[in-house]
Amino acid sequence: MGALKLLLLLVVSLSVAAAAVAGKSSHHRHRHRFRRFEAQLHLKKLNKPAVKSIKSPDGDIIDCVHMAHQPAFDHPLLKNHTIQMRPNFHPEGVLSDNKMSSKGSEPKPITQSWHLKGRCPEGTIPIRRTTKRDILRANSVKNYGKKKPQATAKPTSIDIDLNGQTGHQHAITYVEGGQYYGAKATINVWSPKIQHPNEFSLSQIWILGGTFGEDLNSIEAGWQVSPDLYGDNNTRFFTYWTSDAYQATGCYNLLCSGFVQINNEIALGASIYPISSYRGSQYDISLLIWKDPKEGNWWMQFGNSYVLGYWPAFLFSYLTDCASMVEWGGEVVNSESDGQHTSTQMGSGHFPGEGFGKAGYFRNIQVVDGSNNLRQPEDIGTFTEQPSCYDVQNGKSGDWGNYFFYGGPGRNPNCP
């Protein structure tokens, strides 16, 4: 009798355990299905109907979407927005038509990989198509295309993150305390190695307003390598904005409503081509961000010819007037997954002391003043959390104006 009881108890406990496992497995399956359904809905919202699609050599699909159908117009405050087709003012003087147009007798240099396979027609804008895989790589559909909070360096803050405890590390040059209506820089383009898929390496301009609390306003543009966001290690041109310190507002590129694009030649989030090589050819991109004094919108220009579009003034609180700080430089995520500093590289992956052809650089850094003119920044500061991992050195010369070399390899004998 005792043996039978034991056997019955064993059968019951095995059934309960099996039911628990089945329940867990069913819950997991249900969650997985729901996440895929959520991702599918989000895809429909992001990928607009295309007039034409171009398969890029790097695997991207670039959709040429009618300008009036771009993601910006999903924003409730942009429902009846009239697209501003050109800025009223330009910091470099009068905007000639060839600066605004894609028509010209001179062939344009190839600046993005997809150009090898075609161009988008007039009246459309190129948008990198988002895939379900892109969205499912994010830790949640809601967080797809967003930075984590505390992603900006606070060079003068008292509670400065000296050890990069938020996981973000920087090597930057900055100005603060003035009234800045924009900034410009020519940025050396590299392909830094990323150790873990959840890390990234970027080089960018930050236009900042407000405090570093919960109300930070930031407009950002540059290049980045981010396996999590794009699914590969390509160097890509990107933009970002936030009006609440990366908490709820803003996103990369066109992954939410906000930035209004008017240009049919440059795709936000698409690969840059060609890339610099160590002791080899050096390539750079020029970026200019400035505020239109008449409409109040923040405009962006890529290179000398491509005026890309603008961030409408209403997106921001502090930046409705001007910025109080500008930063230029590099940022990486240091996840310290194995208890050691990441070996994710910044810039070229080499320290600034190695100089031209080996270290990454920013040259001709400038700010836009209250009269809408470009000028040399004054009282430039530099900042890095751990100079033995990533460093920055600035200088000044005739051709390069104010410049700096920056970057580093991350983990090394002095940066364990």
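So if I check each of SER371, SER348, SER388, which one is modelled with pLDDT under 95 and either touching a strand residue (DSSP E or B) at 6+ places or on another chain (Cβ under 6 Å) or over 17 Å from LYS193 (Cα atoms) (or both)? Can you show your working first?
Working: SER348 fails: modelled with pLDDT under 95; SER388 fails: modelled with pLDDT under 95.
Exactly one residue qualifies, and that residue is SER371.
Taking every residue in the range 110-123 that is assigned to a helix (DSSP H, G or I) and pairing it with any residue that is of a type in the set (Asp, Glu), at least 6 positions away or on another chain, the pairs with Cβ-Cβ distances below 7 Å are SER113/ASP58; TRP114/ASP60. On inspection, ASN304 qualifies as touching a helix residue (DSSP H, G or I) at 6+ places or on another chain (Cβ under 8 Å), under 27 Å from GLN261 (Cα atoms) and part of a loop (DSSP other than H, G, I, E, B). Suppose we keep only residues that are of a type in the set (D, E, K, R) and at pLDDT 95 or above within the range 59-84. Which one would you say is surrounded by the fewest Cβ atoms within 10 Å (Cβ to Cβ)? Among them, the one singled out is ASP63.
Please go through the range 297-308 and pick out each residue that is at pLDDT below 95 and open to solvent by less than 40 Å² (accessible area, probe 1.4 Å). Before the answer, list the steps.
Taking the range 297-308 as the starting set, the residues that turn out to be at pLDDT below 95 are 303-306.
Hits for the range 297-308 are GLY303, SER305, TYR306.
Of the residues in the range 191-204, at least one is over 25 Å from ILE365 (Cα atoms) and basic (Lys, Arg). Quick check on my filter: what residues within the range 342-388 are in a helix (DSSP H, G or I) and surrounded by 24 or more Cβ atoms within 10 Å (Cβ to Cβ)? Within the range 342-388, PRO352 is the sole residue that qualifies. Among the residues of the range 389-416, those identified as open to solvent by 20 Å² or more (accessible area, probe 1.4 Å), in a loop (DSSP other than H, G, I, E, B) and farther than 22 Å from PRO91 by Cβ are PRO409, ARG411, PRO413, ASN414, PRO416.
Please go through the range 309-341 and pick out each residue that is more than 17 Å from GLY167 (Cα to Cα), surrounded by fewer than 21 Cβ atoms within 10 Å (Cβ to Cβ) and among the acidic types (Asp, Glu). The one that is more than 17 Å from GLY167 (Cα to Cα), surrounded by fewer than 21 Cβ atoms within 10 Å (Cβ to Cβ) and among the acidic types (Asp, Glu): ASP321.
Of all the criteria given as (1) within 20 Å of VAL368 (Cβ to Cβ); (2) modelled with pLDDT of 95 or more, the one not satisfied by LYS294 is (2).
Yes or no, residue by residue, for (1) buried (at least 24 other Cβ atoms within 10 Å of the Cβ); (2) under 27 Å from THR130 (Cβ atoms):
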position	(1), (2)
ASN264	no, yes
ALA270	yes, yes
PRO274	no, yes
SER281	no, no
ILE285	no, yes
TRP290	yes, no
LYS294	no, no
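Go through the range 85-116 and give me each residue that's at pLDDT below 85 and charged (D, E, K, R). Even if it seems obvious, please write down each step before you answer.
At the first step, the residues of the range 85-116 found to be at pLDDT below 85 are 92-110.
If the condition is that a residue be at pLDDT below 85 and charged (D, E, K, R), then GLU92, ASP97, LYS99, LYS103, GLU106, LYS108 are the ones that fit.
Number of residues in the range 355-379 that are in contact (Cβ under 8 Å) with a residue 12 or more places away in the chain and out of contact with any Phe, Trp or Tyr (no Cβ under 7 Å at 6 or more places or on another chain) equals 9.
Only one entry in ARG128, ARG119 is surrounded by 20 or more Cβ atoms within 10 Å (Cβ to Cβ), charged (D, E, K, R) and at pLDDT 95 or above, namely ARG128. All of (1) open to solvent by 60 Å² or more (accessible area, probe 1.4 Å); (2) at pLDDT below 85; (3) within 23 Å of GLY258 (Cα to Cα) hold for ALA151 with one exception: (1).
The values are calculated or read from the model by the stated rules, or taken from the named source; none is laboratory data. Treat the numbers as computed from the prediction; the structure is a model and nothing was measured. Backbone-built Cβ (ideal geometry, glycine too); neighbour counts: all protein chains shown. Just so you know, the surface numbers come from the protein's heavy atoms only, side chains and all, with ligands and any DNA or RNA stripped out. Shrake-Rupley method; radii C 1.70, N 1.55, O 1.52, S 1.80 Å.
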